[in-house]
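S.K.: Please read through the structure below; I'll follow up with questions.
The values are calculated or read from the model by the stated rules, or taken from the named source; none is laboratory data. As the structure is a prediction and not an experimental result, all values here were calculated from the model. As a convention, Cβ positions derive from the backbone with ideal geometry for all residues, glycine included, and neighbour counts pool all protein chains shown. The protein model used for the area step is the full one, side chains on, heavy atoms only, and it has no ligands, DNA or RNA in it. Shrake-Rupley method; radii C 1.70, N 1.55, O 1.52, S 1.80 Å.
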2 protein chains.
Amino acid sequence: MSASASSSSPSPVLPDKQLQQVDNVLSGTEDEHGGVIVEMSKEPMDPVIFTSLLKASMLHWKQQGKRGIWIKLPIELVSLIEPVVKEGFSYHHAEPKHLMLVHWIPETTNTLPANASHRVGIGAFVMTEKGEVLVVQEKSGKFQGSGIWKFPTGVVDEGEDICDAAVREVKEETGIDTKFVEILAFRQSHKSFFEKSDLFFMCMLKPVSFNIQKQEREIEAAQWMAFEEYAAQEFVQKHDLLKYMAKICIAKREEKYSGFSAVPTITSFSKKQSNLYFNTNDLNSS
Amino acid sequence: MSASASSSSPSPVLPDKQLQQVDNVLSGTEDEHGGVIVEMSKEPMDPVIFTSLLKASMLHWKQQGKRGIWIKLPIELVSLIEPVVKEGFSYHHAEPKHLMLVHWIPETTNTLPANASHRVGIGAFVMTEKGEVLVVQEKSGKFQGSGIWKFPTGVVDEGEDICDAAVREVKEETGIDTKFVEILAFRQSHKSFFEKSDLFFMCMLKPVSFNIQKQEREIEAAQWMAFEEYAAQEFVQKHDLLKYMAKICIAKREEKYSGFSAVPTITSFSKKQSNLYFNTNDLNSS
């Protein structure tokens with residue numbers, strides 16, 4: 001929806017004065033927690049006019065007993081941030097092209113939902129039936145030029161399933177097609193990037209093609225390597241996490257380890273599909 | 001560090017003119033990816049003076065071959081956002097009291113790290129040896145007034161370990177002390193809040209105290225309930241995720257299910273401790 005000087009609710013028949021008052025507020029949608037969400041369009045708006053609309057809107061929302069007020073400003077309307085902050089709003093979150101501000105009206109404790117706190121990454125353990133694993137050397141980053149062979153890794157995109165991200169990253173970096181098997185382990189680490197935390201999921205994938213075509217931009221080299229050769233690297237032996245991962249991979253190869261598989265589920269109230277990851281081996285045999 | 005009109009690097013002996021030029025840039029720290037991070041202090045700064053400093057800084061950083069330029073503005077300096085955006089910066093992320101902007105200088109593909117994409121929540125399965133589970137009714141939210149008994153749930157705080165968050169939430173909501181056992185399952189869902197995704201970890205905890213003292217603010221009621229009574233609720237039976245969870249809990253009770261335990265690991269290069277979650281049962285017996 002775009003911001004305009006129209007009512008935020010269906011207008012009943014009202015005396016002129018009151019109608020006038022309701023007309024001069026920012027339009028928004030109501031959320032299920034007594035809040036109002038105003039999404040401004042990119043069309044330029046004079047900060048003075050906006051400020052007066054915002055002040056009238058705040059009064060209106062207070063009278064209506066509203067709680068959290070959300071204002072989403074596209075980067076084109078950067079000049080409107082200052083008036084919003086002056087009305088007592090804080091930042092909530094930002095994406096490259098917009099900023100979301102929020103203000104909690106009541107005197108009671110703020111129950112606004114927190115901002116996203118974690119980035120999510122994946123590592124891919126891709127092993128052939130002969131026990132060869134898919135490894136790469138990266139062109140940039142910490143291990144550039146080190147000669148270290150590592151599993152393909154990457155970041156889960158916005159709205160992407162972890163299991164899909166693993167398949168995509170392997171394809172992008174090496175050209176290999178795979179099928180997701182399960183999550184073998186995951187790690188949570190903090191302050192990985194400014195104040196944000198990180199969740200890294202180690203995925204096992206089954207290769208369904210074998211002819212490597214490495215990506216030129218990020219990947220220096222890619223190959224199939226005997227698992228023992230990968231695990232014998234000093235880098236793997238010195239690194240707690242990688243040593244555990246190597247042990248898990250060996251147990252997995254011997255079919256003595258169950259990770260978490262992805263099972264699509266539907267939430268009955270939201271009707272949305274989402275993956276539940278759990279130990280299906282144990283559940284099915286219990 | 002605070003922003004000031006000083007050099008961003010140690011000053012060698014330079015001719016006056018060049019020194020003057022280097023002196024008039026924003027001070028920042030260099031990151032390991034060829035970037036510069038400028039953290040502005042809260043002290044007021046005139047937007048005109050800031051704009052001229054910023055323009056000189058950009059020129060300087062370009063000449064130095066810098067790549068990503070990060071500017072962190074506290075909310076007190078809201079008036080400086082517009083000049084930064086006009087220099088070509090985008091928003092990267094925001095927290096209540098600051099906004100981080102970023103600009104990628106080179107012509108090459110932007111390799112800036114993504115913003116945090118997921119919120120992380122926990123659910124707590126706390127069961128006594130007699131097979132009673134800890135359940136609550138919440139004062140607000142979707143199930144307010146519905147009479148539904150659910151497991152305690154909550155949001156993982158910034159910088160908090162998942163296993164600690166589960167123990168904290170149970171203590172806060174019910175007064176019960178617990179010990180983290182393992183993660184039984186987790187769910188990834190999308191667009192749970194604006195464009196952000198959600199990771200929800202179902203944790204098993206062992207109670208070490210039994211006297212319930214419910215939190216007044218959020219919790220309507222809390223009690224120990226026979227697991228069968230919890231699982232028989234229509235709400236649990238109709239909800240895919242909860243039905244799976246109930247099955248997992250039954251398998252767990254019969255000691256026929258292994259989830260992921262938390263094992264502290266140290267990253268050899270960063271020296272930071274982080275938890276690795278995996279199936280320790282299978283690994284230890286393999």
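S.K.: Shielding by partners for B:105-115, please: the mean number of other protein chain Cβ atoms within 10 Å of each residue's Cβ.
M.R.: Per residue, the number of nearby Cβ atoms from other chains is 3 on average.
S.K.: Right, here's the next one. Determine which aspartates and glutamates satisfy two conditions relative to A:LYS66: a Cα distance under 12 Å, and not lying fewer than 8 residues away in the same chain.
M.R.: Those aspartates and glutamates meeting the cut-off are A:GLU30, A:ASP31, A:GLU32, A:GLU107.
S.K.: Where in the stretch A:172-219 does accessible area fall by at least 20 Å² between the isolated chain and the complete protein assembly, at a 1.4 Å probe radius?
M.R.: Listed in order, they are A:ALA185, A:PHE186, A:ARG187, A:GLN188, A:HIS190, A:PHE193, A:PHE194, A:GLU195, A:LYS196, A:LEU199, A:PHE201, A:ARG217.
S.K.: Still on this structure, I have one more. How much of the DSSP beta bridge set in chain A is antiparallel, as a percent to the nearest 5?
M.R.: The antiparallel fraction comes to roughly 75 percent.
S.K.: Along the Cα-to-C-beta direction of B:ASP164, a point sits 7 Å from the Cα; which residues of the stretch B:200-227 have their amide N less than 15 Å from that point?
M.R.: Within reach of a label on B:ASP164, which here means backbone N under 15 Å from a point 7 Å along Cα→Cβ, the stretch B:200-227 contributes nothing.
S.K.: Straight-line reach only, C-alpha to C-alpha below 20 angstrom: list the lysines that B:LYS42 could link to, leaving out same-chain residues fewer than 8 apart.
M.R.: A:LYS86, B:LYS72, B:LYS97
S.K.: Could you compute the net charge surrounding B:THR108? Neighbours are other residues with a C-beta less than 11 Å from the C-beta of B:THR108; K and R count +1, D and E count -1.
M.R.: +1
S.K.: Here is a further query. Which of rounded, prolate or oblate describes the stretch B:131-273 when judged by the alpha-carbon gyration tensor and an a/c cut-off of 1.5?
M.R.: rounded
S.K.: List, by residue number, every residue in the stretch A:229-247 with a reduction of 30 Å² or greater in accessible area between the chain on its own and the complete protein assembly, 1.4 Å probe.
M.R.: At a threshold of 30 Å² (probe 1.4 Å), the residues of the stretch A:229-247 that become less exposed are A:HIS239, A:ASP240, A:LEU241, A:TYR244.
S.K.: With the other protein chains left in place, how much accessible area per residue, in square angstrom, belongs to the protein assembly as shown at a 1.4 angstrom probe?
M.R.: Value for the protein assembly as shown: 46 Å² per residue.
S.K.: Shifting gears a bit: Determine ³J(HN,Hα), in whole Hz, for all residues of the stretch A:134-145 in sequence, where each value follows from phi through the Karplus function 6.51 cos²θ - 1.76 cosθ + 1.60 and θ = phi - 60°; x replaces Gly and Pro.
M.R.: Going residue by residue, I get 7, 10, 9, 10, 8, 7, 9, x, 4, 9, 3, x Hz, with x marking Gly and Pro.
S.K.: By a straight-distance test (C-alpha under 23 Å), which lysines pair with B:LYS252 as possible cross-link partners, with residues fewer than eight away in the same chain excluded?
M.R.: A:LYS252, A:LYS256, B:LYS130, B:LYS150, B:LYS171, B:LYS179, B:LYS206, B:LYS238, B:LYS243
S.K.: Of all DSSP beta bridges in the protein assembly as shown, what percent run antiparallel (nearest 5)?
M.R.: 80 percent
S.K.: Right, here's the next one. So, taking all protein chains as they sit and a 1.4 Å probe, how much accessible area belongs to B:TYR244, in Å² rounded to tens?
M.R.: 60 Å²
S.K.: Let me ask you something else. Output the Cα-based Rg and Dmax of chain A in Å, rounding Rg to one decimal and Dmax to a whole number.
M.R.: Here Rg and the maximum Cα pair distance are 26.1, 82 Å.
S.K.: For the protein assembly as shown, what % of the accessible area comes from carbon and sulfur atoms, probe 1.4 Å?
M.R.: 51 percent
S.K.: Next up: For the stretch A:51-166, what relative contact order do you get, as a whole percent, if you take Cα pairs closer than 8 Å and at least 6 residues apart?
M.R.: Reported relative contact order: 19 percent.
S.K.: Using packing as a proxy for protection, rank B:166-173, B:32-39 so that the peptide with the highest average count of other Cβ atoms within 10 Å comes first.
M.R.: The most tightly packed comes first, giving B:166-173, B:32-39.
S.K.: Hey, another quick one. Find the relative contact order for chain B and round it to a whole percent, using C-alpha pairs within less than 8 Å whose residues are 6+ positions apart.
M.R.: Normalised by residue count, the contact order of chain B is 12 percent.
S.K.: Which parts of the stretch A:73-95, residue by residue, lose 10 Å² or more of accessible area when the rest of the protein chains are there, as against the chain isolated (1.4 Å probe)?
M.R.: By number: A:ILE75, A:VAL78, A:SER79, A:ILE81, A:GLU82, A:VAL85, A:SER90, A:TYR91, A:HIS92, A:HIS93, A:ALA94, A:GLU95.
S.K.: Shifting gears a bit: Round to the nearest 10 and report in Å² the accessible area of B:THR29, as given by a 1.4 Å probe over the protein chains' heavy atoms.
M.R.: Roughly 60 Å² of B:THR29 is accessible to a 1.4 Å probe.
S.K.: Sticking with this structure for a sec: Return the FRET efficiency for the residue pair B:VAL263, B:SER286: r is the Cβ-Cβ distance, R0 is 22 Å, and the value is rounded to the nearest 0.05.
M.R.: 0.90
S.K.: In Å², rounded to the nearest 100, what is the total accessible surface buried by chains B and A against each other with a 1.4 Å probe?
M.R.: 7700 Å²
S.K.: In what sequence, largest accessible area first, do A:LYS252, A:LYS238 appear using a 1.4 Å probe?
M.R.: Order by accessible area, largest first: A:LYS238, A:LYS252.
S.K.: Which value, in Å² and to the nearest 10, is the accessible area of B:CYS163 when all protein chains are kept and the probe is 1.4 Å?
M.R.: Per-residue accessible area (B:CYS163): approximately 20 Å².
S.K.: As an exercise, use a Förster radius of 51 Å and the Cβ-Cβ distance of A:ASP240 and A:THR51 to find the FRET efficiency, rounded to the nearest 0.05.
M.R.: It comes out at approximately 0.40.
S.K.: To continue, here is another question. Among residues other than A:LEU80 whose Cβ falls under 14 Å from its Cβ, what is the net charge (Lys/Arg +1, Asp/Glu -1)?
M.R.: -3
S.K.: To continue, here is another question. Using only helices, what value at 222 nm comes out for chain A when you add -39,500 (n - 2.57) per DSSP H run of length 4 or more and divide by the total residues, to the nearest 500 deg cm²/dmol?
M.R.: Mean residue ellipticity at 222 nm (helix-derived): -7500 deg cm²/dmol.
S.K.: Quick one: plug the Kirkwood hydrodynamic radius of the protein assembly as shown (C-alpha pairs) into Stokes-Einstein at 25 °C, 0.890 mPa s, and report D in µm²/s.
M.R.: Answer from the Stokes-Einstein relation: 92 µm²/s.
S.K.: Quick check on the stretch A:118-278: of the DSSP beta bridges with both residues there, what percent are antiparallel, nearest 5%?
M.R.: Percent antiparallel among DSSP bridges in the stretch A:118-278 is about 75.
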